[in-house]
1. Would a scan of region 76-84 turn up a residue that is touching a helix residue (DSSP H, G or I) at 6+ places or on another chain (Cβ under 7 Å), crowded, with 24+ Cβ neighbours inside 10 Å and touching a residue at least 24 places away in the same chain (Cβ under 8 Å)?
2. Restricting attention to region 132-150, does a residue exist that is more than 30 Å from Pro25 (Cβ to Cβ), β-branched (Val, Ile, Thr) and more than 19 Å from the chain's Cα centre (by Cα)?
3. Every residue in region 19-56 that is without any contact (Cβ under 8 Å) to a residue 40 or more places away in the chain and of a type in the set (Phe, Trp, Tyr), please.
4. Considering (1) closer than 30 Å to Trp2 by Cα; (2) free of Cβ contacts under 8 Å to residues at least 40 places away in the same chain; (3) surrounded by fewer than 17 Cβ atoms within 10 Å (Cβ to Cβ); (4) of a type outside the set (Ser, Thr, Tyr), say which one Asp114 fails and leave the rest.
5. Name the residue, out of Ala64, Ala29, that is surrounded by 20 or more Cβ atoms within 10 Å (Cβ to Cβ) and at pLDDT 95 or above.
6. Going by what's in this entry, would Pro59 be described as in contact with a helix residue (DSSP H, G or I) (Cβ under 8 Å, 6 or more places away or on another chain), surrounded by fewer than 17 Cβ atoms within 10 Å (Cβ to Cβ), modelled with pLDDT of 95 or more and not small (Gly, Ala, Ser)?
7. When you scan region 95-103, do you find a residue that is closer than 13 Å to Met140 by Cα and buried (at least 17 other Cβ atoms within 10 Å of the Cβ), even just one?
8. Would you please name the residue that is modelled with the lowest pLDDT, looking only at residues in region 105-160 that are hydroxyl-bearing (Ser, Thr, Tyr) and under 21 Å from Ala83 (Cβ atoms)?
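The values are calculated or read from the model by the stated rules, or taken from the named source; none is laboratory data. From a predicted model like this one, the values you see are computed outputs, not experimental measurements. As a convention, Cβ positions derive from the backbone with ideal geometry for all residues, glycine included, and neighbour counts pool all protein chains shown.
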Amino acid sequence: MWIQILQDGLFAAIAAIGFAAISRPPKRAYLYCAIIAAVGHASRYMLMSQELAGMHIIPATICASFIIGMLDVFLSPVVHAPAETCLFPALLPMIPGIYAYKAFGGLAMCILCDQPSAFQNSLFLFAHNALTCGTVLLVMVIGATIPIFIFKKVSFQATR
């Protein structure tokens, strides 16, 4: 199980480096983006793991994004960059792409259905996956920004 947690963190770190490269942060920020993403994504993986906590994706995501926010606030002065420099690339690997994909598939099946029972099933799949995806995105933003507001002095000292 620990190997799976390390793999999850490693792949999140690689994705965060790729997402960070798009916004071209200072070179010293790449390592911190990778570390923050790896810790955050691995913590969500552990919280969702049936062997450890067995949480649903929504509470696990808010906890993991809060961890990402806390790490980001306290590491941004080390990077000498605004907190958002590492925050956004670290959060992007946690976007629930499978739920968005399934929501789009459910919507397409709704449009193509001609049977009422099949339409109801497709509508349920669309609504469930779209609401889960949207809620996960919302709690990601909330969980990651709470530390920035709590530790406002620390998070904005990197920009001075």
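1. Within region 76-84, one or more residues are touching a helix residue (DSSP H, G or I) at 6+ places or on another chain (Cβ under 7 Å), crowded, with 24+ Cβ neighbours inside 10 Å and touching a residue at least 24 places away in the same chain (Cβ under 8 Å).
2. Scanning region 132-150, I find no residue that is more than 30 Å from Pro25 (Cβ to Cβ), β-branched (Val, Ile, Thr) and more than 19 Å from the chain's Cα centre (by Cα), so the answer is no.
3. Tyr30
4. Answer for Asp114: the failing condition is (1).
5. When all the criteria are applied, what remains is Ala64.
6. yes
7. Yes.
8. Filtering first and then ranking leaves Thr159.
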